1. Going by what's in this entry, would Ala159 be described as in contact with a helix residue (DSSP H, G or I) (Cβ under 8 Å, 6 or more places away or on another chain), crowded, with 17+ Cβ neighbours inside 10 Å, among the small types (Gly, Ala, Ser) and in contact (Cβ under 8 Å) with a residue 40 or more places away in the chain?
2. In segment 186-208, is there at least one residue being in a helix (DSSP H, G or I), aliphatic (A, V, I, L, M), surrounded by fewer than 17 Cβ atoms within 10 Å (Cβ to Cβ) and at pLDDT 95 or above?
3. Among residues belonging to segment 63-89 that are closer than 19 Å to Arg99 by Cβ and basic (Lys, Arg), point out the one that is surrounded by the most Cβ atoms within 10 Å (Cβ to Cβ).
4. Just one of Val13, Val17, Val22 is in a loop (DSSP other than H, G, I, E, B) and closer than 30 Å to Arg167 by Cβ; which is it?
5. Determine whether segment 104-127 contains at least one residue that is within 15 Å of the chain's Cα centre (by Cα), without any contact (Cβ under 8 Å) to a residue 12 or more places away in the chain, surrounded by 15 or more Cβ atoms within 10 Å (Cβ to Cβ) and outside any loop (DSSP other than H, G, I, E, B).
6. Sort out which residues of segment 109-135 are closer than 24 Å to Asn95 by Cα and among the β-branched types (Val, Ile, Thr), and write them in order of number.
7. If a residue has to be without any contact (Cβ under 8 Å) to a residue 40 or more places away in the chain, surrounded by 17 or more Cβ atoms within 10 Å (Cβ to Cβ) and over 27 Å from Asn58 (Cβ atoms) to count, how many in segment 131-156 make the cut?
8. Identify all residues within segment 41-63 that are part of a strand (DSSP E or B) and at pLDDT 95 or above; write none if there are none.
Amino acid sequence: MKNSKKPLRIDIVSDVVCPWCVVGYKQLAQALEQTDTPHEIHWHPFELNPNMPSTGQNMREHITEKYGSSKEESDSSRARITEAGAEVGFEFNFNDELRMHNTFNLHQLLHWADQQQPSVAHDLKQALFTAHFTDGRNLSDDAVLADIAAEVGLNRKEALAVLEDQRFAKEVRAEEQHWQQQGIQSVPAIIFNERHLVSGAQGVDNYVNILEQLANMQE
C-alpha cells in the first residue's frame, strides 16, 4: 500500500480492562506495520462492566460470578491470553490480587485526552492497558489515573479535575449508546473506513489480509 494514499480510518470500540482488546490492537498494529498502511486510529468507549462498583472487584471473583468459571477454567483462559499477548509483545501479569474496575472514569479521561490531541489519547490508552494488565496499578484510584495521564504528557491537576467534576460524563454516555445502537455488543470492535466491521482478535495474518483487501478496494 502506497503512503500517498488517504490514511485508512480505523475506529476501535474497546474497554481498558478487556484483555482481547489489547491483543487485537497489537495484532492490528503489527499488520499495519507489515503492510506499511497509512492510518489514523480513533478509540471509542465501551464498558464491559457498567454496574461494577467504583471500588472494583477481585478479578477472579468477578469472572466466577459473571461466567461461572472454575479456577481451572480461569487459569486456562489466563494462560491462553498471556501466550497471545507474548506473541505480539505485550506482557500480561495475572495474579490473585488483580482487580476488575469500573472504567467509566477511564473513558472520560480518554475523551478529554482526545480533545487535546488524538495521538495523546492513543498513548494514554496504551498506558492504561499496561498499567492494568502488566503493572497491576489501581485504576479505581483517581490519583493513579492522574499519574498515568501525567506520564503521557497531560496535565495531572487538570486530569484530576476532569475526574472529580465528571465534565465529560454526558458525552461518554452518549458515545457508548451510539455504538450500542450500531449493534456493538462485544469488544474489540474495529471499524475500517466507517464501513467494514471486524470483531475480536483476528490474528496478525488475518489483519494483513483485511488490510490488503481494503487497499485493493481503494485502488
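The values are calculated or read from the model by the stated rules, or taken from the named source; none is laboratory data. Every value quoted in this text rests on a predicted model; they were computed, and no experiment measured them. Counting neighbours? That spans all protein chains shown, and the Cβs are built from the backbone with ideal geometry, glycine included.
1. Numbers: in contact with a helix residue (DSSP H, G or I) (Cβ under 8 Å, 6 or more places away or on another chain): yes; crowded, with 17+ Cβ neighbours inside 10 Å: yes; among the small types (Gly, Ala, Ser): yes; in contact (Cβ under 8 Å) with a residue 40 or more places away in the chain: yes.
So Ala159 fits the description; yes.
2. No.
3. Arg78
4. Working: Val13 fails: in a loop (DSSP other than H, G, I, E, B); Val22 fails: in a loop (DSSP other than H, G, I, E, B).
Being in a loop (DSSP other than H, G, I, E, B) and closer than 30 Å to Arg167 by Cβ holds for just one of Val13, Val17, Val22, which is Val17.
5. Yes, some residue in segment 104-127 is within 15 Å of the chain's Cα centre (by Cα), without any contact (Cβ under 8 Å) to a residue 12 or more places away in the chain, surrounded by 15 or more Cβ atoms within 10 Å (Cβ to Cβ) and outside any loop (DSSP other than H, G, I, E, B).
6. Once the filter is applied, which keeps residues that are closer than 24 Å to Asn95 by Cα and among the β-branched types (Val, Ile, Thr), segment 109-135 yields Thr130, Thr134.
7. 1
8. Within segment 41-63, Ile41, His42, Trp43, His44, Pro45 meet the criteria.
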